[in-house]
Amino acid sequence: MIAVLFKKKETTIDRSKRILPQHIGIIMDGNGRWAKKRGLPRQAGHQAGASNFRKITRYCTTLGIKSLTVYAFSTENWKRPKEEIDALMDLFYDYLQDALVNFREENVRTTFIGDTSIFSEKIQALMQEAVDLSADKTGMRLNIAVNYGGRDEIVKAIKEISAEVAAGTLQESDITPELVSTHLYTAGQPDPDLIIRPSGEYRTSNFLLWQSAYAEYVFMDDILWPDFSTENLEEALDEYSRRNRRFGGV
Ligand code: IPE
Ligand code: IPE
Ligand code: MG
């Protein structure tokens, strides 16, 4: 992965002619710094980040984006102080309750990627309800990555595949990249075309490691997630449309 730093370009893009990505990934980073800048507790940043997540998700649906995957909580985020984790779990709970009441009308199919078995029974039940309730929606696919880690996901795939080989239901020669993909949380979904990370960190932090093999990265260093606007998203889409995707060809 080569970090390509996003700088606002001089060339203007005709937005009506842009090729839009089918699948966008967003690493929603910078909540803590946003709060610190304002002298607020980190939790306030997460609150602001959660409300921005709702705004940007809605905007993606109006653009006709087919899939959106947002990184909300990583397998490494458990290292944070208990107070912050508790606040994040409360926010997640509130989001789920709110989504079940207010998002019924929206044509968005919600799924969760990551090892969700770690969450409280209450949260798991709400997640299941959100998945079931939106299962037949035909609009945008929204993947919320919670307790998600790319390495964890690949290990899960390796375990499932090796169990099948041990049981004799799969031959070693059947193991292909396509087969591995079917054992990921995103099985059956297209890979992300564009991954956006605000906040000035130029790394993946374990997000969609396998799926991002040919994703275009846009790292935006002068914006923190709670301030990430629809215009920032448009700028990332402008940048995406300037890229020449070769997939190893010429
Ligand atoms: C992203 O914001 C949200 C989560 C990782 C849960 P951060 O909390 O990482 O914010 P910074 O990076 O400390 O500013
Ligand atoms: C990545 O952000 C995870 C999420 C945004 C959910 P982090 O803030 O956890 O990543 P690092 O620690 O800066 O790499
Ligand atoms: Mg961070």
Two-site FRET efficiency, D221 against L40, from Cβ-Cβ distance with R₀ of 25 Å, rounded to 0.05: 0.70
Solvent-accessible heavy-atom area per residue, rounded to whole Å², over region 4-242 at 1.4 Å: 50
From phi via Karplus (6.51, -1.76, 1.60), per-residue ³J(HN,Hα) for region 166-173 in Hz, x at Gly/Pro: 4, 7, x, 8, 9, 8, 4, 5
Per residue Cα convex hull volume in Å³ - calculated over the chain: 147
Segment W78-I154, length gained on full extension (0.36 nm per residue, minus Cα span): 25.4 nm
Full-extension gain in nm, D14 to E121, via 0.36 nm per residue minus C-alpha separation: 33.7 nm
Solvent-accessible surface (1.4 angstrom probe) belonging to S16, in square angstrom, nearest 10: 100
Using a Förster distance of 35 Å, the FRET efficiency for A213-Q97 (Cβ separation, nearest 0.05): 0.45
Estimated vicinal HN-Hα couplings, Hz - region 118-132 in sequence order (Karplus 6.51, -1.76, 1.60; Gly, Pro = x): 7, 6, 4, 4, 4, 5, 4, 5, 5, 4, 4, 5, 5, 5, 5
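The values are calculated or read from the model by the stated rules, or taken from the named source; none is laboratory data. No experiment lies behind these values; they were computed from the predicted model shown. In this analysis, Cβ positions are derived from the backbone assuming ideal geometry, glycine residues included, and neighbour counts consider all displayed protein chains. Only protein heavy atoms, including side chains, enter the accessible area calculation; ligands, DNA and RNA are left aside. Shrake-Rupley method; radii C 1.70, N 1.55, O 1.52, S 1.80 Å.
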